[in-house]
Each structure stands twice: as C-alpha cells, then as structure tokens.
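Report on one structure; see the data block that follows.
The values are calculated or read from the model by the stated rules, or taken from the named source; none is laboratory data. Since this is a predicted model, take the numbers as computed values, not measurements. FYI the Cβ positions are ideal-geometry reconstructions off the backbone, even for glycines, and counts take in every protein chain you see.
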Amino acid sequence: MRGRFITIEGTEGVGKTTNIDYIKQWLDDNGISFVNTREPGGTPLAEEIREVLLSNREEQVCSKAELLMMFAGRAQHIDQVIEPQLAMGNWVLCDRFTDATYAYQGAGREMGNALIESLETMVQGSMRPDLTLVLDVPVELGLERAGKRSEPDRFELEKTDFFNRVRQAYLSMAEKSPERYKVIDASNSLVQVQQQISLVLCNFLNKHQDEISSQ
C-alpha cells in the first residue's frame, strides 16, 4: 500500500513548526511510519538551494529565477525523498510544497499560474498531496508573530499586500478543492488549533483505513 502525502501550508507566523511537531506526535501515537521534510529543502542539494532562496542579498532576484530554483529543489526532493518513501508505504509530512509556489510566486509575485502549472506537470507528473492543511491567520497577526521569533528572511521582508495575495491564494485553492484542502483557523488558542488538526487527521486516517479494507 502506497504511503500518504500530507503537506502543511500557510503564510508567515501561522505556527507551522509547532503544529508539525503535534502532527508528528499524532502519527507516532497512531503507529504510522513517516518521514518529516520541508520545502524548499529536504535533501543536501535542495537545502543549498533553500539557502540561496532565503538569504537576503543586494541583488534583485528575478521572479522566474526564483521559480525555477523552487522547482529545481523540488525535483531533487521528490526523486530522493518523497517518491521513494511513498513507494515504500511510508507517509510523508512536508512543510510546504507546490501550493506554496502557487501562493508565493503565482499570487504574491503576481506571476500567474500558467508557468507554474507547466513546471508542476514536468516535475511531478500526476503526483499531488493527499491532504493539505492550510493554517490560516490574518496577515497582520501572522507578521507580528513572525517578527518575534527571528531575523526576517528575504520573503519575510515583503510588504503586507504581498502576504495578503498569498493568503487569498491559499484560501481560494482550499475553496476550489475542499476534499484535499482543510483550512485550520490558526488564530485560535493552540489547544483549539490542535483540536481542529486532530479531527481532520482522524477523519483522514479513517478514510485511509476504509480504502485498505475495501481492497
């Protein structure tokens, strides 16, 4: 049985790190073998690309160069980590994936979706996440939270309008495909957020087990 691919998405300051730790514990508690990874990154080469992408620099980074680097790292990540793990029956939990590219480059950078769709098909074929949790908070709250944790990277220095476009792109994707995307109100208390996540994961696991039983 092929493994399941779960991705976590959201703008800055939505609490991805804390809630990914919670999901990892949930998977352990349910006896599910999994790997935890991230994008950009996930392999030595892709982590080097991540460093290039996030580092602040004087040189203006061309939006197309940024997009191509994202997919270069993703191609390596899929080939070396994601696809082999899924094929072995392990689940993959990934901090961001291609939805982030649609949100950040397609909407945030206002590049549109056509080129991204082309690269997605070339790099991924028909592979898509089985479940995507979109952690959602108002942009101002997210940026306030993010500003307290560390020095901002190149993306975190963008203007509020950029992040509003990113957020709306995530919400639009979730509205169009509610069977895959589950929006979590991450402005609530941590306990309430994790209750929402637990409910989504329990429903997803039950559906997965039903599919196994029917085979």
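Looking only at segment 22-45, which residues are out of contact with any strand residue (DSSP E or B) (no Cβ under 9 Å at 6 or more places or on another chain) and farther than 17 Å from D130 by Cβ? Spell out how you get there, then give the answer.
Here is the first cut: in segment 22-45, the residues out of contact with any strand residue (DSSP E or B) (no Cβ under 9 Å at 6 or more places or on another chain) are 22, 25-26, 29-31, 40, 44-45.
Within segment 22-45, Y22, Q25, D29, G31, P40, P44, L45 meet the criteria.
Which pairs do you get when a residue that is within 14 Å of A100 (Cα to Cα), found in segment 7-32, comes within reach of a residue that is of a type in the set (V, I, T) and outside any strand (DSSP E or B), reach meaning Cβ atoms under 6 angstrom, with the pair 6+ apart or on two chains?
I8/I20; T11/V166; V14/V137
Could you list, in sequence order, all residues of segment 1-38 that are of a type in the set (D, E) and under 22 Å from R74 (Cβ atoms)? Break it down stepwise before answering.
Applying the first criterion (of a type in the set (D, E)) to segment 1-38 yields 9, 12, 21, 28-29.
Within segment 1-38, E9, E12 qualify.
When both residues are 6+ apart or on different chains and their Cβ atoms are under 6 Å apart, which pairs have a first residue that lies in segment 95-115 and is in a loop (DSSP other than H, G, I, E, B), and a second that is surrounded by fewer than 18 Cβ atoms within 10 Å (Cβ to Cβ)?
From residues that are in a loop (DSSP other than H, G, I, E, B), the pairs are R109/S63; M111/S63.
Here is a list: A169, A107, A72. Which entry is small (G, A, S), farther than 30 Å from D28 by Cβ and more than 16 Å from the chain's Cα centre (by Cα)? It would help to see each step written out before you state the result.
Values: A169 fails: more than 16 Å from the chain's Cα centre (by Cα); A107 fails: more than 16 Å from the chain's Cα centre (by Cα).
Selected residue: A72, the only one of A169, A107, A72 that is small (G, A, S), farther than 30 Å from D28 by Cβ and more than 16 Å from the chain's Cα centre (by Cα).
Based on this model, can you work out whether E151 counts as surrounded by 16 or more Cβ atoms within 10 Å (Cβ to Cβ), of a type outside the set (S, T, Y) and part of a loop (DSSP other than H, G, I, E, B)?
Details: surrounded by 16 or more Cβ atoms within 10 Å (Cβ to Cβ): no; of a type outside the set (S, T, Y): yes; part of a loop (DSSP other than H, G, I, E, B): yes.
Answer is no for this residue.
Sort out which residues of segment 179-215 are within 16 Å of the chain's Cα centre (by Cα), of a type outside the set (G, A, S) and part of a loop (DSSP other than H, G, I, E, B), and write them in order of number.
Scanning segment 179-215 gives a single hit, R180.
Just for segment 129-142: of the residues that are within 15 Å of K16 (Cα to Cα) and surrounded by fewer than 19 Cβ atoms within 10 Å (Cβ to Cβ), which one is modelled with the lowest pLDDT?
L141
For segment 89-98, check the following and say yes or no: at least one residue is more than 16 Å from the chain's Cα centre (by Cα) and among the acidic types (D, E). Quick ask: steps written out before the conclusion?
Applying the first criterion (more than 16 Å from the chain's Cα centre (by Cα)) to segment 89-98 yields 89-90.
Next cut, among the acidic types (D, E) only: none.
No, segment 89-98 contains no residue that is more than 16 Å from the chain's Cα centre (by Cα) and among the acidic types (D, E).
Just checking, which of L68, L45, L27, L53 is at pLDDT below 95, of a type in the set (A, V, I, L, M) and not in a strand (DSSP E or B)? Even if it seems obvious, please write down each step before you answer.
Values: L68 fails: at pLDDT below 95; L45 fails: at pLDDT below 95; L27 fails: at pLDDT below 95.
The unique qualifying residue is L53.
Look at segment 118-148 and say how many of its residues are among the small types (G, A, S) and part of a helix (DSSP H, G or I). Spell out the reasoning first.
Applying the first criterion (among the small types (G, A, S)) to segment 118-148 yields 118, 125-126, 142, 146-147.
Subsequent filtering for residues that are part of a helix (DSSP H, G or I) retains 118, 142, 146-147.
Adding up the residues that qualify gives 4.
Please go through segment 154-171 and give me each residue that is surrounded by 15 or more Cβ atoms within 10 Å (Cβ to Cβ) and farther than 21 Å from N188 by Cβ, ordered by number.
Within segment 154-171, F155, E156, E158, F162, R165, A169 meet the criteria.
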